[in-house]
Structure formats: structure tokens, C-alpha cells
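The values are calculated or read from the model by the stated rules, or taken from the named source; none is laboratory data. Given the structure is predicted, the values throughout are model-derived calculations rather than measurements. Positions of Cβ are generated from backbone atoms using ideal geometry, with glycine treated the same way; all protein chains shown enter the neighbour counts.
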Amino acid sequence: MSHHASSSDPVDPLPSPGKGIGVPASAASARVQPLALVPDADSLASSLAAEGWRIVRVGQAASLREALVRIGEALHFPGYYGVNLDALTDCLRDLPGPTALVWRGWKQLAVSDPDGWARLVPVLRMGAEGQPPFAVLLAD
């Protein structure tokens, strides 16, 4: 069943603060949530990079398809990446190591394609629950 956002619906269904993503505790990785709005995303990304995380960046996307393309490009998914949610799920399982995706401009997708945003968020969360560690840092 598809959820259609109304003007009273929240635009950004973000998780509440909780546990990290199952990586060894360290200064930066202890602060990482699977999918979270992070005011100091660049600082956290730098700290994660120092701990061996791969940092990738995604810009604005106005549609789910555009977001999937940009995520695939940023994460260097293989040529057979199908640019759909199932393919994203599969490719997130095959990341080469701990990876943080810093996403600036995510609000454009949440506003212009709220149904697409609502479908993408659970897939990103699910990717963050597996191994290798994966996190999405939603930056302003």
C-alpha cells in the first residue's frame, strides 16, 4: 500500500536516536546512526575516514530514480546495478567495507517525491543493519 504525503505529514521520516550500527566502539563510529540528520556531517565523516571508513557524497535528487542513480554512482556500483530498490538492497550488501554516505540536498527528494523518499528510507536503514557497516549522514 502506497502512502501519499499530505501537507500535515512529516517530510523526513528519520529514526530517533538509538544504538549505532554494530561496529567496534570508537570515538566516531559510536556516534554514527544508520540514517540520521547530522549537523556536523563533515566533521563526523572526517573522523570516520580516519578510522578507515570509506566516505562518499551524494547531492540533490528530485526523484527516487535520480536518487538511486546518484547513490549508485557515489558508491561505484557495478554496471549491472538495476537502478531500483531491489538492486540497491543487493548492492549495499556487497560494499567493500565500512561506508558512510554523506547526503547533502536530501530534502529536495523528501519534498519533491515524498512517496519515493518514504520507499527509499527503509531500504537505506536495512542496508545499515547488515555488514559491512553502512551509514547515511543526512547533511544540511
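Within the group Ala5, Ala67, Ala61, which residue is surrounded by 15 or more Cβ atoms within 10 Å (Cβ to Cβ), within 15 Å of Gly116 (Cα to Cα) and at pLDDT below 95?
Ala5
Out of (1) surrounded by fewer than 14 Cβ atoms within 10 Å (Cβ to Cβ); (2) at pLDDT below 50; (3) of a type outside the set (Phe, Trp, Tyr); (4) closer than 14 Å to Ala135 by Cα, the odd one out for Ser16 is which?
All conditions pass for Ser16, except number (4).
Just to be sure I understand, how many residues within region 76-96 are in contact with a Phe, Trp or Tyr (Cβ under 7 Å, 6 or more places away or on another chain) and touching a residue at least 24 places away in the same chain (Cβ under 8 Å)? Reasoning before the result, please.
In the first step, residues of region 76-96 are kept if they are in contact with a Phe, Trp or Tyr (Cβ under 7 Å, 6 or more places away or on another chain); the result is 87, 91-92, 95.
Okay, now just the ones that are also touching a residue at least 24 places away in the same chain (Cβ under 8 Å), so 92, 95.
So the count comes out to 2.
Looking at region 108-131, which of its residues are over 12 Å from the mean Cα position of the chain (by Cα) and buried (at least 17 other Cβ atoms within 10 Å of the Cβ)?
Gln108, Leu109, Ala110, Asp113, Pro114, Gly116, Ala118
When you check Leu109 against the structure, is it at pLDDT 95 or above and touching a Gly at 6+ places or on another chain (Cβ under 7 Å), yes or no? Explain how you work it out, then say what you get.
Numbers: at pLDDT 95 or above: yes; touching a Gly at 6+ places or on another chain (Cβ under 7 Å): yes.
So Leu109 fits the description; yes.
Can you report the number of residues in region 24-51 which are closer than 23 Å to Leu120 by Cα, modelled with pLDDT under 80 and of a type in the set (A, V, I, L, M)?
Counting residues in region 24-51 that are closer than 23 Å to Leu120 by Cα, modelled with pLDDT under 80 and of a type in the set (A, V, I, L, M) gives 1.
Report yes if Phe134 is in contact (Cβ under 8 Å) with a residue 12 or more places away in the chain, closer than 17 Å to Pro34 by Cβ and buried (at least 21 other Cβ atoms within 10 Å of the Cβ), otherwise no. Outline the logic, then answer.
Working: in contact (Cβ under 8 Å) with a residue 12 or more places away in the chain: yes; closer than 17 Å to Pro34 by Cβ: yes; buried (at least 21 other Cβ atoms within 10 Å of the Cβ): yes.
In short, yes.
Are any residues in region 93-112 in a helix (DSSP H, G or I) and in contact with a strand residue (DSSP E or B) (Cβ under 6 Å, 6 or more places away or on another chain), and if so, which ones? Lay out the reasoning, then the answer.
First, the residues of region 93-112 that are in a helix (DSSP H, G or I): 93, 106-112.
Across region 93-112, the qualifying residue is only Trp106.
Give the residues of region 71-90 that are surrounded by fewer than 20 Cβ atoms within 10 Å (Cβ to Cβ) and part of a helix (DSSP H, G or I), sorted by residue number. Before you say what the answer is, go through the steps one by one.
Just the residues of region 71-90 that are surrounded by fewer than 20 Cβ atoms within 10 Å (Cβ to Cβ), to begin with: 72-74, 76, 78-87, 89-90.
Within region 71-90, Gly72, Glu73, Ala74, Leu85, Asp86, Ala87, Thr89, Asp90 meet the criteria.
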